[in-house]
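Step one of this worksheet: look at the structure below.
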């Protein structure tokens, strides 16, 4: 520092650049702090959330008995068996991903490679708009359109696992489409031209060269879709039927982990309330498993 | 040329989509009108679709209690019933489904639902006031010992036209349809009132307390929701000025208090789709239905 000040006072021709550097360093330090604070805030909130759910949920789980809690099949105000909701969440998510991902990925391929420019100018904002629609609106749409159709076609009450699956399949589309499209677009054009030059058809070049090259990006879109499907609450609660019973079929009602929390949180107290927080713990573990799988797959991919 | 084909295919696709939409639209509409004009479409062999409120809801608790389906901490309402969150969700589920049966607050009834007679009595405010409709309960307020001036004036307010109008606003049935107007607004009152008891009565009295404190800003009213049992006990023991209970007092309790009066009434209607041929049920049948003892509509209608 002293040296720089001295230099500034000396006013030699070589000094000014040094002084300039010193100034920038200072600015940079402040900005460094700002960015650090930003990163710190998001990490801090994550840490606080983890502490909150685990300190509130874990004691109840052990007090009640971990196996009874996870593998019990009865849920009411005094008995807390979470297996129906765990199975419900898994089945609904698998169904939604099984239905939504093929549609989403194929839409992405179409948008990136086959779509006429004019249609794209309409399609792209439409997909973005889909991502912006509040989930309660999706839920209302499903309640008035999907549920009565299911009731009409398959019988049963209509509020069912199938309704939740169809609804979530639609809701994960924007995530899957946007990310997959970006992944496909980021594949170097030379892959495509190379394949074309070797005599492959347009379609073959895309499906055998470009799409496999975008595999990792497409996969991450699927993982995010799974995350959205398993975490969605307000829309699902409107159409799923919400019976705390083991899933009995596609046209029968089902309760997921998230809807279990939102249905009963307003009234719960004591151990019942802790059991709902513990439901959050299980949900959290699920999300961690999904993200870890994703990370492992990505590292393998990179190797 | 190629461009033309592309354009044509897009137009074709759009047209097909639109046609499909229009198709489902008209189908839905015709379904609706069919149901409206012809009740004969009702298929008795279809399963009942039970619709209930979520565990912990006051309406569910009251319904279970009044139909004899309460059993300690957990009620006996079939877990297979579709659980909907909130009165509106139940109403729209039943209004949409020809084979659904649910229950809702009498105050929330409208044309999209058909309320079932219980033992031949219609679910309406008149019958609830007369005490003829059985799935109803009194929201009682209780005086243990004599009230001081401030509490006595609040008591007057609860049973005045202004107080009873608040009952209606909160969504329950006023107990006194031609209550006198409140006369104490010019009084210079100050002090505090303690009200204690039923969680169901709480929103009614709390709303009244807020309105009262707007007139008399020097009066502090503390309303606590502690449950009907605690409300009765605190009134008898004198730990609070006024007690609240969503049930009627037994003879022993009545003998220990100065006055018990219903400040509001709460009725729960059993509802089905307007095209459902069901008209009347007995209390036992209602209990059996929601316990899950019937599987198809034929079990009830035939």
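Here residue A:107 fulfils each of the conditions (1) within 14 Å of chain B (Cβ to nearest Cβ); (2) free of Cβ contacts under 8 Å to residues at least 40 places away in the same chain apart from (2).
The helices (runs of 4 or more DSSP H) falling completely within segment A:1-105 that include 1 or more residues that are farther than 26 Å from residue A:229 by Cβ and at pLDDT 90 or above map to A:15-64, A:66-71. Residue B:144 falls short of the stated requirement of being touching a strand residue (DSSP E or B) at 6+ places or on another chain (Cβ under 7 Å) and surrounded by fewer than 16 Cβ atoms within 10 Å (Cβ to Cβ). Listed by position, the strands (runs of 3 or more DSSP E) inside segment B:156-249 whose residues that are free of Cβ contacts under 8 Å to residues at least 60 places away in the same chain and crowded, with 22+ Cβ neighbours inside 10 Å number at least 2 are B:191-197. The residues of segment A:261-272 that are assigned to a helix (DSSP H, G or I), farther than 14 Å from residue A:63 by Cα and either more than 9 Å from every other protein chain (Cβ to nearest Cβ) or free of Cβ contacts under 8 Å to residues at least 24 places away in the same chain (or both), listed by number, are A:261, A:264.
Among the residues of segment B:255-264, not a single one is closer than 18 Å to residue B:118 by Cβ and surrounded by 15 or more Cβ atoms within 10 Å (Cβ to Cβ). Residue A:132: surrounded by 15 or more Cβ atoms within 10 Å (Cβ to Cβ) and either in the same structural domain as residue A:268 (by TED's automatic domain parsing) or at positive phi (or both), yes or no? For residue A:132, the condition - surrounded by 15 or more Cβ atoms within 10 Å (Cβ to Cβ) and either in the same structural domain as residue A:268 (by TED's automatic domain parsing) or at positive phi (or both) - is not met. For segment B:250-266, filtered to residues that are out of contact with any helix residue (DSSP H, G or I) (no Cβ under 8 Å at 6 or more places or on another chain) and in contact (Cβ under 8 Å) with a residue 40 or more places away in the chain, the residue that is farthest from residue B:136 (Cα to Cα) is B:258.
Evaluating residue B:93 against the criteria (1) within 11 Å of another protein chain (Cβ to nearest Cβ); (2) in a loop (DSSP other than H, G, I, E, B) leaves one unmet condition, (2). Only residues that are within 12 Å of chain A (Cβ to nearest Cβ), out of contact with any helix residue (DSSP H, G or I) (no Cβ under 9 Å at 6 or more places or on another chain) and either buried (at least 18 other Cβ atoms within 10 Å of the Cβ) or at pLDDT 85 or above (or both) were counted in segment B:59-86, giving 4.
The values are calculated or read from the model by the stated rules, or taken from the named source; none is laboratory data. What you see is a predicted model; the values in this text were computed from it and never measured. A quick note on method: Cβ atoms are made from the backbone with ideal geometry, for glycine too, and the neighbour counts reach across all protein chains shown.
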